[in-house]
1. Would you tally the residues in segment 231-254 being surrounded by fewer than 18 Cβ atoms within 10 Å (Cβ to Cβ) and without any contact (Cβ under 8 Å) to a residue 40 or more places away in the chain?
2. Filter segment 179-204 down to residues that are over 18 Å from residue 159 (Cβ atoms) and among the basic types (Lys, Arg), then give me how many there are.
3. Just need a number here: residues in segment 54-107 that are outside any loop (DSSP other than H, G, I, E, B) and either of a type outside the set (Ser, Thr, Tyr) or farther than 14 Å from residue 44 by Cα (or both).
4. Checking residue 75 against (1) surrounded by 20 or more Cβ atoms within 10 Å (Cβ to Cβ); (2) under 20 Å from residue 324 (Cα atoms); (3) among the hydrophobic types (A, V, I, L, M, F, W, C); (4) at pLDDT 95 or above, which single condition isn't satisfied?
5. Could you go through segment 309-330 and let me know if any residue there is part of a helix (DSSP H, G or I) and small (Gly, Ala, Ser).
6. If you go through segment 119-142 one residue at a time, how many are touching a strand residue (DSSP E or B) at 6+ places or on another chain (Cβ under 7 Å) and not polar (S, T, N, Q)?
7. Just the residues that are under 18 Å from residue 242 (Cβ atoms), surrounded by fewer than 16 Cβ atoms within 10 Å (Cβ to Cβ) and of a type outside the set (A, V, I, L, M, F, W, C), please, taken from segment 269-301.
8. From the list 19, 33, which one is β-branched (Val, Ile, Thr), in contact with a strand residue (DSSP E or B) (Cβ under 8 Å, 6 or more places away or on another chain) and in contact (Cβ under 8 Å) with a residue 12 or more places away in the chain?
Amino acid sequence: MSTEKHFNLAKKEYERWGIDVEEAFERLSKIPISIHCWQGDDIGGFEVNKSDLSGGIEVTGNYPGKATTPEELRMDLEKALSLIPGKHRINLHAIYAETDGEAVDRNQIKPKHFERWVQWAKKQGVGLDFNPTLFSHEKANDGLTLAHPNPDIRKFWIDHCIASREIGEYFGRELGTPCLTNIWIPDGYKDTPSDRLTPRRRLKESLDTIFEAPIDENYNIDAVESKLFGIGSEAFVVGSHEFYLSYALKNRKLCLLDTGHFHPTEMVSNKISAMLLFNDKLALHVSRPVRWDSDHVVTFDDELREIALEIVRNDATEKVMIGLDFFDASINRVAAWTIGTRNMLKALLYALLMPHVQLKQYQENGDFTRRLALLEEFKTYPFGAIWDEYCKRNNVPIKEQWLEKVEEYEATVLSNREAKIHSDVH
């Protein structure tokens with residue numbers, strides 16, 4: 001049976017419940033996913049004086065073909081974008097500045113160091129998001145930055161964050177779509193602290209200083225990101241969920257939830273509806289924790305679907321800014337982007353194809369039997385045929401056919417890149 005016939009039969013199944021598949025396609029096409037650039041080079045960046053990866057971040061694996069230049073990274077992103085349906089965004093870290101061989105420390109970065117990224121984004125028709133990089137630096141070696149007891153070190157990182165917000169504003173103005181500039185810090189202690197309040201007071205004061213710098217909110221949106229623990233900060237993290245949730249509410253900033261930054265049994269999906277009652281907007285970094293914040297490639301699992309369901313059934317597709325944050329060097333990096341982003345989109349489409357009106361009514365009427373039955377039955381509705389049609393209409397490969405494109409790219413581009421690295425070494 002042809003793909004078109006499969007789609008038409010599947011469409012009728014959903015129409016029985018009053019679900020408009022064409023409307024679902026239209027709504028999905030308007031939801032951009034912010035795709036993180038750092039999957040492509042294992043969070044290496046392009047600084048002249050590059051530091052070892054630190055801040056509780058680990059990337060494991062050594063799959064051949066890693067991007068080693070901005071041009072290679074953009075080329076790899078283009079390949080991934082060609083396999084992902086819809087128009088999306090690219091999320092950059094400060095370490096991806098291009099300084100043309102000049103050693104520019106992070107408190108001195110400027111919009112000019114990202115001009116090529118903006119030119120590329122214009123050609124690709126994508127927006128850009130941004131993050132100051134408060135890890136992998138000599139001034140972060142002891143695990144403290146904005147909460148550091150040394151005022152000079154605090155000022156260095158404050159200046160870096162102010163410069164990052166200016167870059168975010170530049171992105172928004174140039175590209176005509178606001179940039180989300182998100183602050184995450186590694187600050188914390190490996191063992192039980194004797195004073196939790198003082199580091200948190202210093203963090204609050206640092207953030208206050210950062211956000212006092214005038215930035216046009218039409219072009220830049222500020223967010224703060226929490227964490228439960230990290231490697232080297234197992235006992236205490238200064239920027240906890242409670243801290244940032246309170247700070248964001250009081251100061252009209254976005255609270256960003258990273259799905260890998262909570263206890264392994266704690267569901268971020270459960271937080272979304274509670275926070276939507278008190279926040280105009282939220283931001284997400286969608287990852288897949290496995291026992292710890294290991295940032296595995298996003299799969300089409302229960303929690304991903306539940307996150308998408310919470311966004312869709314609460315009419316929050318324009319209120320929740322969705323970004324990705326995973327890094328796996330054990331598999332093809334272009335494939336990692338493609339798998340993770342397509343899964344996020346699949347989950348959103350799955351959520352758009354649910355009979356939410358009926359399900360909500362069953363719950364309100366106390367008909368929990370029908371609610372459970374319907375939720376379970378829809379898990380095996382012919383969703384795959386609908387997804388294939390969406391990919392087809394967006395001129396990207398259906399099913400696993402995208403993998404052939406990645407394998408061709410590996411054979412013609414990535415393998416040659418790896419061979420060049422080895423020849424340069426010898």
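1. 5
2. Qualifying residue count for the region: 4.
3. 21
4. Result: residue 75 passes all but (1).
5. Checked against the condition, which is being part of a helix (DSSP H, G or I) and small (Gly, Ala, Ser), segment 309-330 yields no hits at all.
6. Adding up the residues that qualify gives 7.
7. Selection gives 270 alone.
8. 33
The values are calculated or read from the model by the stated rules, or taken from the named source; none is laboratory data. Model, not experiment: these values are computed from the prediction. Backbone-built Cβ (ideal geometry, glycine too); neighbour counts: all protein chains shown.
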